[in-house]
Amino acid sequence: MKKNKIQNIAIGIIAVAIIVLIISYNYSTEQTKQKGLKFGNELAQIQQDVAALQTKFYSEKTKLDEGGITKEELLKYYDEHIQKFEEIISRYDKLTPPELFQSSVDLFKISAETQLKSDIEFISWITTGDEAAKIRSDTQIQEAYEYENLGLMEFQSAKTGIKNYDEPEKFLAPDNTIKQKVIQISENMKSKCDVEYKNESGEFNSDQTEIEWFNCFNEAEKWKKDHLP
């Protein structure tokens, strides 16, 4: 199941690469074409780098399972993986997309951030054997896939707007889907806080548990504010 999800993400990334490489040809002026092509190539490279990083991330775990590396070597690689992933994610902020494509870039960035969170939970599972961390990792990789699909839809919507209007500024790429998805995921995070820290009666077993729930809830709220367009 996990493998299929990762393959789906890789398929989505390939689609992005194909789309962004033709973005410049939808513009009316040569200067704007060049800007569009530069943006498209840079975004395609980021998406390809994310895909390559994720492929290696899971192949290293396979090496451990097959006895090719030790657990200590794997964890050392994972430390490097997190650092490299953070560096790749920072490149989204350096892009200069045409205005209509900003929402799709935002979604691709959120997808990558969610993948990184999934990887961190996966590493926690490898380190501690905590099955709850593995479940969180699986959930987040699916959310990352959904974000990437939304990014593709936003990208296509913006591209259609450019084709349909002589003055692209008349077309506004929809961002309602982004807001709805961010709110939905934030609510899911809060529900997980309840499951983890509240007992069957919906109460707390200790003051410390209540504090941990409060921190968890606030983190979900902060996440929502940080990611709402």
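The values are calculated or read from the model by the stated rules, or taken from the named source; none is laboratory data. All values derive from a computational prediction rather than experimental measurement. Please note: Cβ atoms are built from the backbone with ideal geometry, for glycine as well, and neighbour counts cover all protein chains shown.
Just one of the numbered conditions (1) modelled with pLDDT under 90; (2) surrounded by 20 or more Cβ atoms within 10 Å (Cβ to Cβ); (3) assigned to a helix (DSSP H, G or I) is not true of Leu152: (2). Of all residues in the stretch 196-229, exactly one satisfies the criterion of being surrounded by fewer than 15 Cβ atoms within 10 Å (Cβ to Cβ), of a type in the set (A, V, I, L, M, F, W, C), modelled with pLDDT of 85 or more and within 26 Å of the chain's Cα centre (by Cα), namely Phe214.
Residue-wise test of (1) under 19 Å from the mean Cα position of the chain (by Cα); (2) surrounded by 20 or more Cβ atoms within 10 Å (Cβ to Cβ).
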{"residue": "Gly68", "(1), (2)": "no, no"}
{"residue": "Glu86", "(1), (2)": "yes, no"}
{"residue": "Leu100", "(1), (2)": "no, yes"}
{"residue": "Ser124", "(1), (2)": "yes, no"}
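Residue count for the stretch 51-63 under the criterion of being in contact (Cβ under 8 Å) with a residue 40 or more places away in the chain and surrounded by 13 or more Cβ atoms within 10 Å (Cβ to Cβ): the result is 5.
Does Thr70 satisfy the condition of being without any contact (Cβ under 8 Å) to a residue 24 or more places away in the chain, of a type in the set (S, T, N, Q), out of contact with any helix residue (DSSP H, G or I) (no Cβ under 6 Å at 6 or more places or on another chain) and within 29 Å of Glu187 (Cβ to Cβ)? Here the answer is no, as Thr70 does not meet what is asked.
Quick one: would you say Ile46 is at pLDDT below 85 and surrounded by 12 or more Cβ atoms within 10 Å (Cβ to Cβ)? Spell out the reasoning first.
Numbers: at pLDDT below 85: no; surrounded by 12 or more Cβ atoms within 10 Å (Cβ to Cβ): yes.
The answer is no for Ile46.
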